[in-house]
Amino acid sequence: MSHHHHGAHGNHRHAGDSHEPNYALSQILDLDAEILDGPMSAVRVDIAALADEPVRSILDLGAGTGTGTFGLLQHFVASHAVAVDGSTDMLEHLQRRAEHLGLADRVTTLHADLDEGVPELDPVDLAWASGSLHHLADPDRSLGQVAAAIRPGGLLAIVELNGHPRFLTDGAPGAAAEAKAHALLAVDRTVDMPAMGSDWGARLARAGLVVELDRPIVVDLPPPLPDVVGTYAFAILTRIRGAVAERLGAADLDHLDQLLDGGPSDVRYRSDLYVRTERQLLIARRPASG
Ligand SMILES: C[S@@+](CC[C@H](N)C(=O)[O-])C[C@H]1O[C@@H](n2cnc3c(N)ncnc32)[C@H](O)[C@@H]1O
């Protein structure tokens, strides 16, 4: 892979330098899809167990690069999906993937800012929102509109999260710096994304939906892990560095940089990485008489 600089370059390079690849969010979402494939396929099994089959129409809210869209299209073989996102880059990426997967005729992309209203379409059998609701300005208002976009008896499945995955276990080189960076981000989020980590079950109920499943998705992958995990860790830690560099102390920043500098602690070349993250899955139904 072109971004695998060899450690023998020696000189200390910093993640923000122009030599380093700058991972777009779309690339991180695709890596996320690859690494969390197992737990996310279990999510689809849970949805199928609650859905009145066949699921024919799917609405993906904040679809990103289409991980959820494609997984659901492959699981529900008679379905068509509308993938909504506020980013044209994401939707172009999603469209390319759809063509690559042979699913282009089963997905329609729709560019829309959900904060301006959930698009009015024919009511769907299944709405899906993964990692997107906490971005919205007023998730309760949006959820009310989402509930109206589902047919009576249809489902809304959401996946929400509290933060980025962690890769370093206690005592491993860089673990303390990773932990401090996460702590700074958690403080930022109380201001930037107050809905993150909120009580989604209560929000769904306020939208008139009946929660039928609420469970954590626990990801705890121990080493040895495939090389793609190093790429994923590098991408995520590079983004985190960008957000916290100015506030980390010099020693922690140096340790964080050593995770990204091509040297022996670089996460791309290590064999001791974990992937640890927890998300929450909620599946709710629009009452048949509602
Ligand atoms: C963390 S990504 C999740 C993408 C995808 N659902 C997944 O699970 O891989 C969040 C997505 O929500 C989209 N998004 C955030 N705010 C939005 C808004 N107001 N309207 C539409 N899309 C939005 C972003 O563009 C991004 O693609």
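Sort out for me the Cα centre separation of the range 216-279 from the range 116-143, rounded to whole Å. Using only Cα atoms, the two centres lie 32 Å from each other.
Stokes-Einstein diffusion for the chain, with the hydrodynamic radius set to the Kirkwood value over Cα pairs and evaluated at 20 °C in a medium of 1.002 mPa s, equals 107 µm²/s. Kindly provide the pair-distance distribution of the range 102-147 built from C-alpha pairs, with 10 Å bins from 0 and whole-percent values in order of increasing distance. Going out from 0 Å in 10 Å bins, the range 102-147 shows 21, 55, 20, 3 percent. Here each label is just a point 7 Å from Cα along the line to Cβ, and for SER41 and GLU246 those points are 4.5 nm apart. Here the convex hull built on the C-alpha positions of the range 143-195 has a volume of 94 cubic angstrom per residue.
All of the numbers you see were taken from the coordinates with simple rules; none came from a lab. Computed from a predicted model, the values in this text were never measured in an experiment. Glycine gets a Cβ as well: all are built from the backbone with ideal geometry, and neighbour counts include every protein chain shown.
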